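Asker: Handing you this structure, nothing more for now.
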Amino acid sequence: FDAIQALTSLVVVSCGHTEATYEDGLKAVSCGATLLTHVYNAMNPFHHRMPGLVGLLSSKAKLARSGLNRPFFSIIVDGIHVHESAVCMAYSNHPNGCVLVTDAMAAMGLGDGYHTLGNMKVSIQGDRATLANSDTLAGSVVSLDTCIKRFRQFSGCSIGEALLCATLHPAQVLKRH
């Protein structure tokens with residue numbers, strides 16, 4: 001938490017790929033964290049008694065009582081990383097905080113087969129990218145325009161709302177709007 005406070009004047013501090021609890025998330029936001037990275041992925045799942053970081057998306061009133069805003073959240077809408085229902089749940093809870101990202105890697109556009117990601121061998125089959133000989137996702141090979149189309153299909157939002165999630169909201173995270 002000391003690191004979050006020290007870094008917020010220099011960079012955007014994001015929480016993700018973590019086993020942090022809901023309470024940890026509240027403290028991180030109170031220390032200056034403003035983004036959840038790749039919501040749902042490599043983090044504790046939402047549970048009705050232990051909501052994890054995902055619970056922050058629906059905590060507008062609780063955070064407001066402390067003078068805080070809900071964090072933005074990046075979400076990979078490639079149709080692989082996050083189920084359609086979970087995309088809708090996150091967006092419905094906090095539409096103004098949604099930031100569409102691809103998690104795309106260098107193998108995007110190279111087609112099916114084996115490719116490399118740094119020193120790792122990656123298997124591409126359709127839109128699914130996994131570490132070779134495993135079911136572990138290695139990233140994505142879906143472009144942002146496809147993520148926007150899938151986001152619209154999953155959420156039922158307008159093209160304008162989807163474009164805000166791909167353009168304005170990321171700019172707001174970076175304070176570049």
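The values are calculated or read from the model by the stated rules, or taken from the named source; none is laboratory data. It should be emphasised that the depicted structure is a prediction, and the values quoted were computed from it without experimental measurement. When we count neighbours, we look across all protein chains shown, and the Cβ atoms used for this are built from the backbone with ideal geometry, even at glycine. Note: accessible area is taken over every heavy atom of the protein model, side chains too, but ligands, DNA and RNA are not part of it. Shrake-Rupley method; radii C 1.70, N 1.55, O 1.52, S 1.80 Å.
Asker: Of (1) part of a helix (DSSP H, G or I); (2) at pLDDT below 95, residue 153 satisfies all except one. Which?
Answerer: (2)
Asker: Return the pair list, or none, for Cβ contacts closer than 7 Å from residues in region 145-166 that are free of Cβ contacts under 8 Å to residues at least 40 places away in the same chain and closer than 14 Å to residue 95 by Cα to residues that are of a type in the set (A, V, I, L, M, F, W, C) and open to solvent by 50 Å² or more (accessible area, probe 1.4 Å), at least 6 apart or on different chains.
Answerer: That search, which allows pairs on different chains as well, returns 152/159.
Asker: Would you point out the residue of region 35-63, among those that are open to solvent by 50 Å² or more (accessible area, probe 1.4 Å) and hydroxyl-bearing (Ser, Thr, Tyr), that is farthest from residue 99 (Cα to Cα)?
Answerer: For region 35-63, the residue satisfying everything is 58.
Asker: Checking residue 159 against (1) among the aliphatic types (A, V, I, L, M); (2) exposed (fewer than 14 other Cβ atoms within 10 Å of the Cβ); (3) touching a strand residue (DSSP E or B) at 6+ places or on another chain (Cβ under 7 Å), which test does it fail?
Answerer: Of everything listed in (1) among the aliphatic types (A, V, I, L, M); (2) exposed (fewer than 14 other Cβ atoms within 10 Å of the Cβ); (3) touching a strand residue (DSSP E or B) at 6+ places or on another chain (Cβ under 7 Å), residue 159 misses just condition (3).
Asker: Just checking, does region 132-140 include any residue being outside any helix (DSSP H, G or I) and in contact with a His (Cβ under 8 Å, 6 or more places away or on another chain)?
Answerer: yes
Asker: Determine which member of the set 78, 135 is surrounded by fewer than 20 Cβ atoms within 10 Å (Cβ to Cβ) and either touching an Asp or Glu at 6+ places or on another chain (Cβ under 8 Å) or farther than 30 Å from residue 11 by Cβ (or both).
Answerer: 135
Asker: Scan region 107-116 for residues that are over 20 Å from residue 79 (Cβ atoms) and within 24 Å of the chain's Cα centre (by Cα) and report the count.
Answerer: Total satisfying the criteria: 1.
Asker: Residues of region 98-119 being small (Gly, Ala, Ser) and open to solvent by 70 Å² or more (accessible area, probe 1.4 Å), which ones?
Answerer: 106, 109, 118
Asker: Report yes if residue 46 is without any contact (Cβ under 8 Å) to a residue 60 or more places away in the chain and aromatic (Phe, Trp, Tyr), otherwise no.
Answerer: Yes: the conditions hold for residue 46.
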